[in-house]
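Engineer: The following block contains the structure, expressed as structure tokens.
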Amino acid sequence: MLLSFENLGPWRIALGIIAALVTAFLVCPLVLIVMLSFDSSPWLVFPPPHWTLRWYRELFTDPDWLGSFMVSLEVGLTVTVLSVLLGLITAIGISRTRTAWRPACETAFLMPMILPVVVTAIALYAFFLRIHLNGTFCGFVIAHLILALPFSVGAILNGLAHIDPAIENAAVLCGSSRTYAIMRITLPSLRPALFSAAIFSFLASWDEVVVAIFMASPSLQTVPVRIWGNLQQDLSPVIAAVSTVLIVLSGLFIFGANFMKSEKK
Amino acid sequence: MSIFPTRRLRVARGPWLESYGLLLPGLIFLAVFFVIPLCLMLMLSFTVPSLGLEHYRTLFFTSAYRRIFANTFLLATLVTAVSLALGLPVAWFLAIAPRRWSQPVQLVLILSMWTNLLARTYAWVVLLQDTGPINQTLLALHLIAEPLPLMNSLFAVTVGMTYIMLPFVVFPLRNRIAMLEPALFQAATLCGASRMTSFRRIFLPAIATTLGSAGVSVFVMSLGYYVTPSLLGSESRMVLAELIAQLVQSVLDWGLAGAAALVLLVMTLFLYGVQRRLNRQPHTTP
């Protein structure tokens, strides 16, 4: 009874109402941001008295904001490439360790994802201050790579679990070298896993705020860091415009990922 | 596999390089840029400014810091409770409602989950401020005489964090509910059980471990959360993560910050262990 929507009786109405309210609770802030980004009043008056593109013009003509988008993109893409490469090597390594060590290895590589980001952030900050990596591009990439790696290792391990190692071994038996077998057989069948590893790694860096706040310097600020800085001062509608851009980007991302998925089937 | 001669030929330089060797780059990276920094932080907490357990004593025995612990636990408990209370019905709905209704809800959940954290928090800052839409509407309807102090309150942080945590409750629970056996419930009905009885005696016990594990993971994430409490919360209700960041950024008290971070770290690891336990438990089928 409880698992058939038609037979839920009065419970069905309750469930429907709660689901609708929660959906509204989730949608409202997003809609509000989008509307405010077109609001002509700088004081975020709601509902907007007039519509304007002014905040977008300000956003896209401000070298600081454009610079931040570039920094975010550069850090994000570098992290993605390194995270997928290192994640791939590590995941293959983990999948080949003896069973007794495997859980320990997995947990070790998951740790940065489990610990509160603020702990990782200040630990890295303390360390980077001492080795003069703070505020550098390299430091930024390393810090985000630490956070991105668990996602990449996880995604690729998950992919490896669905591949029969016998196929690679068969290639080796037929005279291929191990490296060649990995290149020609294991990697191509891992493609979907590598793709999701890349997406998660990129997002882990692109969306990251806390570590970034500590790693940033005035000349090296990712988009979230600049939003954070702005939020400390005022609630300029430019932030609404940036947020809208980010919402649209993540919408496109989901759409793209879904599209890829249906393509695969 | 090992019975094949080709495999044996490779043993000499094979397995070590192919497994442990592959782990090396990752392990070295993790050791240098994760383990060493954490150890450094740990060391600072015992040695700055002088050797001893001074900072831990301060943390545990000063009323101001004890209040911060209390705030942190209160917030995490509230967020967990609200997320579970709202997440369960939504997960249930997603698991059994017709696709044309469940799909939009699911899409909204995914979209909000993938939207930048700061963008979402910013929305709540705007919504809840004195001149924000909520207060304006209530004022216009003459339901209140002056704006409600919604911002910088426990309420605001709870709302903002529940918003972020909901997907972490909904998706695991939906998967679990979708796995339940309909025949069990039909049997219960045939035996004369009311909906309430099957809910209490079959449904809840069957999803209990998932509910527990989702609850623990939301609790852990909430304990160490920094961004939302610092933007939506008030100074007087500071949480542990804010304290740590503030000690490092403005007070430059690395010793105390390290100690607070270590306490947070230990609590997190402990709860993570609990969650792993819960996940490993076989699902009870009553």
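The values are calculated or read from the model by the stated rules, or taken from the named source; none is laboratory data. Values in this document were obtained by computation on a predicted structure and should not be read as measured data. No Cβ is skipped: glycine too gets one built from the backbone with ideal geometry, and neighbour counts run over all protein chains shown. For the accessible areas, the whole protein counts, side chains as well, though only heavy atoms, and no ligand, DNA or RNA atoms are used. Shrake-Rupley method; radii C 1.70, N 1.55, O 1.52, S 1.80 Å.
Engineer: Just to check your reading of the model, which residue among A:S205, A:S250 is touching a helix residue (DSSP H, G or I) at 6+ places or on another chain (Cβ under 6 Å), facing chain B (nearest Cβ under 10 Å) and open to solvent by less than 30 Å² (accessible area, probe 1.4 Å)? Break it down stepwise before answering.
Structural biologist: On the way: A:S205 fails: facing chain B (nearest Cβ under 10 Å).
Of the residues listed, the single one that is touching a helix residue (DSSP H, G or I) at 6+ places or on another chain (Cβ under 6 Å), facing chain B (nearest Cβ under 10 Å) and open to solvent by less than 30 Å² (accessible area, probe 1.4 Å) is A:S250.
Engineer: Determine whether the range A:94-109 contains at least one residue that is more than 7 Å from chain B (Cβ to nearest Cβ), within 17 Å of the chain's Cα centre (by Cα) and either of a type in the set (K, R) or on the phi < 0 side of the Ramachandran plot (or both).
Structural biologist: Within the range A:94-109, not a single residue is more than 7 Å from chain B (Cβ to nearest Cβ), within 17 Å of the chain's Cα centre (by Cα) and either of a type in the set (K, R) or on the phi < 0 side of the Ramachandran plot (or both).
Engineer: Please go through (1) within 13 Å of chain B (Cβ to nearest Cβ); (2) surrounded by 20 or more Cβ atoms within 10 Å (Cβ to Cβ); (3) aromatic (F, W, Y) for A:F69 and return the number of the only condition it doesn't satisfy.
Structural biologist: Tallying (1) within 13 Å of chain B (Cβ to nearest Cβ); (2) surrounded by 20 or more Cβ atoms within 10 Å (Cβ to Cβ); (3) aromatic (F, W, Y), A:F69 fails exactly one: (2).
Engineer: From the list A:L59, A:L32, exactly one residue is away from chain B (no Cβ under 11 Å) and assigned to a helix (DSSP H, G or I). Which is it?
Structural biologist: A:L59
Engineer: Where residues in the range A:1-54 are aromatic (F, W, Y) and over 23 Å from B:V126 (Cβ atoms), which of them is least open to solvent (accessible area, probe 1.4 Å)? Let's see the steps before the verdict.
Structural biologist: Filtering the range A:1-54 down to residues aromatic (F, W, Y) leaves A:5, A:11, A:25, A:38, A:43, A:46, A:51.
With over 23 Å from B:V126 (Cβ atoms) added as a condition, the list becomes A:5, A:11.
Working: A:F5: 9, A:W11: 62 Å².
Among those residues, the one meeting the criterion is A:F5.
Engineer: I'd like the full set of residues that are outside any helix (DSSP H, G or I) and either closer than 17 Å to B:L38 by Cα or among the hydrophobic types (A, V, I, L, M, F, W, C) (or both), limited to the range B:212-266. Step through it out loud before you land on a result.
Structural biologist: Kept after step one, since they are outside any helix (DSSP H, G or I), are these residues of the range B:212-266: B:224-226, B:233-234, B:238-239, B:252-253.
The answer is B:G224, B:M238, B:V239, B:L252, B:D253.
Engineer: While we're looking at this one, here's another question. On the basis of being more than 9 Å from every other protein chain (Cβ to nearest Cβ), surrounded by 20 or more Cβ atoms within 10 Å (Cβ to Cβ) and under 19 Å from A:F200 (Cβ atoms), does A:S83 make the cut? Quick ask: steps written out before the conclusion?
Structural biologist: Numbers: more than 9 Å from every other protein chain (Cβ to nearest Cβ): yes; surrounded by 20 or more Cβ atoms within 10 Å (Cβ to Cβ): yes; under 19 Å from A:F200 (Cβ atoms): yes.
Judged against the criteria, A:S83 is a match.
Engineer: Hey, another quick one. Please determine whether any residue of the range B:77-98 is assigned to a helix (DSSP H, G or I), more than 11 Å from chain A (Cβ to nearest Cβ) and without any contact (Cβ under 8 Å) to a residue 60 or more places away in the chain.
Structural biologist: Taking every residue of the range B:77-98 in turn, at least one turns out to be assigned to a helix (DSSP H, G or I), more than 11 Å from chain A (Cβ to nearest Cβ) and without any contact (Cβ under 8 Å) to a residue 60 or more places away in the chain.
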